[in-house]
Structure formats: structure tokens, C-alpha cells
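Colleague: First the structure, which I've put down as C-alpha cells, then a few questions once you've had a look.
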């Protein structure tokens, strides 16, 4: 008998949300509140029809294309904002950059507060880029 297929997002619209719940639950306990706050900020700033999913084994937000991603690492969270939105806030992002990363990668150290206003501005700017 063939293995059961995973339900698609169309068959189960909450599958992506549950997958992100599982990603956060698998993170170290000390990091989970930070990930929940980042998720809350993204969802609050994103348009209402943004879909939460897992892509490349990390949380991904889809709004007519790649809105944002995030991933937890040992000492930081990488927050990925593709497109031109990061250029608009380049001066504010300087302290969250490292030389050898892409322009889309924003490093959020675990020992610092999330830059909530900046995250909100980035998500809104990226959503505007993707708006049909």
C-alpha cells in the first residue's frame, strides 16, 4: 500500500500555520518567545491574504511571491527579505548586516531585542513591491 500523501495547503489551509508552529516548538525553549514575536510582527505587517508556509525547511511568508523567511541559528535569527525593500532601509540595517551575507539577509542577535519598527517597515515595503 502506498504511503499517505501530506495534505496540501489547498486541502488544509492551516497546514502551513501548523508547520510553522512545529518549527518554533523545535527551537530551543529560550528562543521560542523571540520566534513567536517575530512571527507576530510579520503577520501583523503583512497583507491579510499572506500565506504562512515552510520552504527550504524554514518559515516562509507568501504574498504573490516571496515576502519573507526566517531561520534560527545558534546565536542569531536570520530574517530574509528579498527584493529591493532592504535597499530602502540600508542605513537602519547596517548593524544587522555582515560582510559575507546576501543583501536579503538580516542578522538578529538572540541577545538583543527585535527591531520591531524596522521589521514592520521591511515587511510592508516588501509587500508593496509584490502587490499586484
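The values are calculated or read from the model by the stated rules, or taken from the named source; none is laboratory data. If you're wondering where the values come from, they're calculated on a predicted model, not measured in any experiment. Positions of Cβ are generated from backbone atoms using ideal geometry, with glycine treated the same way; all protein chains shown enter the neighbour counts.
Colleague: Specify which of the listed residues (80, 70) is under 17 Å from residue 38 (Cα atoms), surrounded by 14 or more Cβ atoms within 10 Å (Cβ to Cβ) and touching a helix residue (DSSP H, G or I) at 6+ places or on another chain (Cβ under 7 Å).
Modeller: 70
Colleague: Counting only residues that are in contact with a helix residue (DSSP H, G or I) (Cβ under 9 Å, 6 or more places away or on another chain) and not in a loop (DSSP other than H, G, I, E, B), which one in segment 27-36 is nearest to residue 80 (Cα to Cα)?
Modeller: Checking each candidate, the answer is 35.
Colleague: When residues of segment 1-26 are filtered for being touching a strand residue (DSSP E or B) at 6+ places or on another chain (Cβ under 7 Å) and either modelled with pLDDT of 95 or more or outside any loop (DSSP other than H, G, I, E, B) (or both), how many remain?
Modeller: 5
Colleague: Taking the condition of being in contact (Cβ under 8 Å) with a residue 40 or more places away in the chain and surrounded by 14 or more Cβ atoms within 10 Å (Cβ to Cβ), how many residues in segment 24-58 meet it?
Modeller: Residues meeting the conditions: 14.
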